[in-house]
Amino acid sequence: MLGLYLFAAILGAGLLVFGLVAGGDGDAHAGVDHDHPVLADTDHPGWGEWLLGFFRPRNFIFGLSGFGMAGTLLTLLDAGGGFTLLAAGAMGTGFFLLSHLVFTFLRRSDSGIEALSDTQLMGERARVTLPL
């Protein structure tokens with residue numbers, strides 16, 4: 001089982017680091033048709049969007065990373081096979097759900113608002129402040 005835990009830890013942590021280094025704009029809804037009745041709209045998401053939110057790759061990456069790291073650590077500490085499997089599964093599921101909850105909250109809060117483009121800002125008034 002140590003091989004499985006190591007594989008999950010290396011793959012999950014590697015993908016987390018790759019996502020951190022690669023960056024991205026965070027637009028997870030680029031190809032989603034928001035006029036669909038099952039998906040509803042951004043303010044009142046339908047059950048389809050709620051269900052599809054669980055199956056984002058980010059959630060699986062966090063779950064895989066938590067499962068692998070907990071399993072590897074407990075195996076190296078000789079915690080016992082059954083306990084290690086249950087604890088690693090619980091940790092992976094916990095990371096999966098925590099990732100979903102945190103990013104859902106961030107998407108619905110003010111931090112999820114996209115920045116305006118230059119054409120949208122054209123003609124608007126602004127105040128520029130510079131540090132001394």
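Yes or no: the range 43-66 includes at least one residue that is open to solvent by 50 Å² or more (accessible area, probe 1.4 Å), charged (D, E, K, R), modelled with pLDDT under 90 and farther than 25 Å from LEU15 by Cβ.
So far as the range 43-66 goes, yes, one or more of its residues are open to solvent by 50 Å² or more (accessible area, probe 1.4 Å), charged (D, E, K, R), modelled with pLDDT under 90 and farther than 25 Å from LEU15 by Cβ.
Going through the range 77-118 one residue at a time, which ones are modelled with pLDDT under 90, open to solvent by 90 Å² or more (accessible area, probe 1.4 Å), over 14 Å from GLY63 (Cα atoms) and in a helix (DSSP H, G or I)?
PHE105, ARG108, ASP110, ASP118
Go through (1) modelled with pLDDT of 80 or more; (2) more than 30 Å from GLY3 (Cα to Cα) one by one and return the number of the condition LEU121 breaks.
(1)
The values are calculated or read from the model by the stated rules, or taken from the named source; none is laboratory data. Source: prediction; values computed, not measured. Because the Cβ atoms are built from the backbone with ideal geometry, glycine has one as well, and the counts that use them run over all protein chains shown. All accessible areas refer to the heavy atoms of the entire protein, side chains included, with ligands and DNA or RNA removed. Shrake-Rupley method; radii C 1.70, N 1.55, O 1.52, S 1.80 Å.
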